[in-house]
Amino acid sequence: MTDLTGRRAVVTGGASGIGAACARALAQAGAHVIIADLDGAAADRAASEIGGEAWQVDLSDTGSLAELSLDVDILVNNAGIQTVSPIEQFDPARFSLILRLMLESPFLLIRAALPKMYERGFGRIINISSVHGLRASEFKSAYVAAKHGLEGLSKVTALEGGARGVTSNCVNPGYARTPLVEKQIADQARDHGIAEDEVLAKVMLTESAIKQLVEPDDIADLVLWLAGDSARMVTGASYTMDGGWSAR
């Protein structure tokens, strides 16, 4: 059992989906969890359910994060969005937004958290990446680029933090049962020229040996272990939870 009593954690995008599952798991292990989310009302509700704290924040506003200081032991970079579109039709402003939210803001949050982690000699940076941090798919140029960048950022953090008690790892799910995935179905059907009820089998799970969506609670279990003392020698790693997709 992982005991996080006395630890403080921030989970971005923590009001729903994978982030909410991670926040619950960390809180159940004894951590004080700060739920960072653009939706302040949803963050308040989620925080009240776990006895945590809400932080309404627009993480795409990277200018406001430049001088931020975070006094936490655990940082879970989870917030993300998706756009499905061919490159030649991809809105440049949307591409920039996705990279700010999913790569630049994790850098700024890590930067803000490391000084206190170094001071205590303990820190856990856990980046919710994706199988798309290791593999590519059509029509997801911004998301794939951001997740590949996050993988590199995580590894550099691991190298810099290792001697000072800070680990940094990525968790790489396949398609998970979340609102983010559900919202993709219509766009995937359009761009692949198939019916919406064919998307799961013909697009989302076609590369997986296990033909199931990943459950957020399964991802949270892995995050919880990475946050604990027994994972002290695990750093610079990318843990796939993709039903065998990346085994190809």
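Quick notes on this structure:
- Helix 216-227 vs. the chain, principal-axis angle (Cα, 0 to 90°, nearest 10): 30
- From least to most packed, judged by other beta carbons within 10 angstrom and beginning with the fewest, Leu75, Leu213, Leu180 follow the order Leu180, Leu213, Leu75.
- Net lengthening on full extension, Asp217/Ile87 (0.36 nm per residue, minus Cα-Cα): 43.5 nm
- In percent, rounded to a whole number, the relative contact order of the range 48-162 is 33, using alpha-carbon pairs under 8 Å and six or more apart.
- Neighbours of Ala189 by Cβ distance under 11 Å: Lys/Arg scored +1, Asp/Glu scored -1, total -3.
- Extending 7 Å from Cα along the Cβ direction at Ser96 and again at Ala66 yields two label points whose distance is 1.5 nm.
- Projected onto their three principal axes, the Cα atoms of the chain cover extents of 53, 38, 36 Å, largest first.
- With contacts taken as Cα pairs under 8 Å at a separation of at least 6 residues, the range 14-76 carries a relative contact order of 28 percent.
- Nearest-20 debye value, the range 1-69 charge dipole, Cβ charges on Lys, Arg, Asp, Glu: 300
- Linear extension gain, Glu49 paired with Asp3, 0.36 nm per residue minus alpha-carbon span: 14.6 nm
- Here the relative contact order of the chain, from alpha carbon pairs under 8 Å that lie six or more residues apart, stands at 20 percent.
- Taken along the Cα-to-beta-carbon direction at a fixed 7 Å, the label points for Ala195 and Glu182 span 2.1 nm.
- Each residue of the range 62-78 was assigned a 3J(HN,Hα) from its phi angle through the Karplus curve 6.51 cos²θ - 1.76 cosθ + 1.60 (θ = phi - 60°); the sequence is 5, x, 6, 9, 5, 10, 5, 10, 10, 9, 9, 9, 9, 10, 10, 8, 10 Hz, with glycine and proline shown as x.
Each value in this text was obtained by applying a stated rule to the coordinates, not by laboratory testing. Keep in mind that this is a model prediction, so the values were computed, not measured. For neighbour counting, all protein chains shown are included, and Cβ atoms are generated from backbone atoms with ideal geometry for every residue, glycine included.
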